[in-house]
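What follows draws every value from the coordinates through simple rules; no lab data is involved. As the structure is a computational prediction, the values presented were derived from the model and not from experiment. All Cβ positions, glycine included, derive from the backbone under ideal geometry; neighbour counts span all protein chains shown.
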Amino acid sequence: MYYKGRSEEQFFITNITSLNVSELTAYSKDGLLILWNLEDELKLNIDGVEYRIIANQIIFLTEFHKVIVHSVGMVRLIRFNRSFYCIIDHDHEVGCKGILFFGASQVPIIDVIEDEHSKFETLWEMLNVEMNSRDSLQQEMLQMMLKRFVILSTRLYKNQFKLQNADKGRLNLLREFNYLVEMHFRTKHSVSQYADLLNKSPKSLTNLFSQYGQKNPLQLIQDRILLEARRQLLYTDKIVKEIAYEIGFDDIQTFSRFFKTKEGVSPREYRGIKLGNMMRKGKNADSLGASV
């Protein structure tokens, strides 16, 4: 079911099976995507990495993720654009920036625990009912239920990653760091550069991430750079030198050393190996990838 507002607001929900799996990989400019897997293991390749999503797990993606579907049973899909609901502008309402969406390199996956399952089911049913409404309050009602869905998901994320008791100011700092890395990873490669943006010392940032059992700030920065390198190698025809410059390396040698240290092979070798594997698996996949 699809809603489109007068100012290009777009909101879409559906059940995905093997019969309409193309909906999962359909491109939507500035679209955000929520996938709630219901039954059989959902097997995805996201940015060259294999993921297995079990029943009652929810995964959160943006239009920048590149997705290939290998197998799907039944998945509930929610897609919306920023005109419909911008999680950046409304972060004070949902508090998900930097964790569910725009969280640097990680792909957020949460488990819908039994105690919370009925809440998500009720929201899904209400969304379906409201999608069939045609009154002047439809968009506001859909936004309200989407916001509730995201808030519940954010709470589960915090519980799952032991952040539920985190000091609000410190948690916001973690989230803001993740978001800043997403925005500036091409030009800022050091912890000190992000520390300056946050008016903190590099040491205080490192201590903060350590306190909450997170990867250290430098690892997060490098993971995001590596993610972009993998995307460019797998989904574009750009030469390695061009990719290196685009993500902030002054020369191809430095980039190649960085990449090989992380992946164990050179950028060219990675491209050849991964594309070959993806082509072989794609022959049996339900759908070959497009960006979400």
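Each 5 Å bin from zero up to the one holding the largest Cα-Cα distance in the range 168-282 carries the following percent of pairs: 2, 11, 21, 19, 15, 13, 10, 6, 3, 0. At an R0 of 22 angstrom, the distance between the Cβ atoms of Ile239 and Glu50 translates into a FRET efficiency of 0.25.
Computed from the alpha carbon positions, the gyration tensor of the range 2-165 leads to an equivalent ellipsoid with semi-axes of 22, 19, 17 Å, biggest first.
Work out how much length Met74 to Ser204 would gain on full extension: take 0.36 nm times their residue separation and subtract the Cα-Cα distance, in nm to one decimal.
42.3 nm
Here the relative contact order of the range 168-282, from alpha carbon pairs under 8 Å that lie six or more residues apart, stands at 20 percent. With a Förster radius of 35 Å, plug the Cβ-Cβ distance of Lys119 and Thr17 into 1/(1 + (r/R0)^6) and report the FRET value to the nearest 0.05. Computed FRET efficiency for Lys119 and Thr17 comes out at 0.90.
Run the Debye formula on the Cα coordinates of the chain, all scatterers equal and no solvent, and tell me log10 I(q)/I(0) at q = 0.12 1/Å. Log10 of I(q)/I(0), two decimals: -0.85.
Rounded to whole numbers, the Karplus 3J(HN,Hα) couplings from phi for the range 234-243 are 8, 10, 9, 9, 5, 6, 4, 4, 5, 4 Hz, using 6.51 cos²θ - 1.76 cosθ + 1.60 with θ = phi - 60°, and x at Gly and Pro.
Compute the projected area of the convex hull of the Cα atoms of the range 77-160, averaged over all viewing directions, and report it in nm² to one decimal place.
Mean projected area for the range 77-160: 6.0 nm², to one decimal.
Its Cα centre serving as origin, the range 2-165 has a Cβ charge dipole (Lys and Arg +1, Asp and Glu -1) of approximately 300 debye.
Ordering Trp36, Trp124 by the number of other Cβ atoms within 10 Å of each residue's own Cβ, fewest first, gives Trp124, Trp36. Note on the range 78-207: with charges restricted to the Cβ of Lys and Arg (+1) and Asp and Glu (-1), its dipole about the Cα centre is near 640 debye. From least to most packed, judged by other beta carbons within 10 angstrom and beginning with the fewest, Cys86, Cys96 follow the order Cys86, Cys96.
Compute the signed sum of charges (Lys and Arg +1, Asp and Glu -1) over the other residues within less than 15 Å, Cβ to Cβ, of Lys119. Intermediate values should be presented prior to the final figure.
Numbers: positive: Arg76, Lys147, Arg148, Arg155; negative: Asp111, Glu114, Asp115, Glu116, Glu121, Glu125.
Here the count lands on -2.
Charge dipole (Cα centre; +1 on Lys/Arg Cβ, -1 on Asp/Glu Cβ; no other charges) of the chain amounts to roughly 920 debye. The HN-Hα couplings worked out from phi for the range 2-16 by the Karplus form 6.51 cos²θ - 1.76 cosθ + 1.60 (θ = phi - 60°) are 10, 10, 10, x, 6, 10, 6, 5, 10, 9, 9, 9, 6, 9, 9 Hz, whole numbers, x standing for Gly and Pro.
Just from its helices, what would the mean residue ellipticity at 222 nm be for the chain, if runs of 4 or more DSSP H residues each count -39500 (n - 2.57) and the sum is divided by every residue, rounded to the nearest 500 deg cm²/dmol?
That comes out to -14500 deg cm²/dmol.
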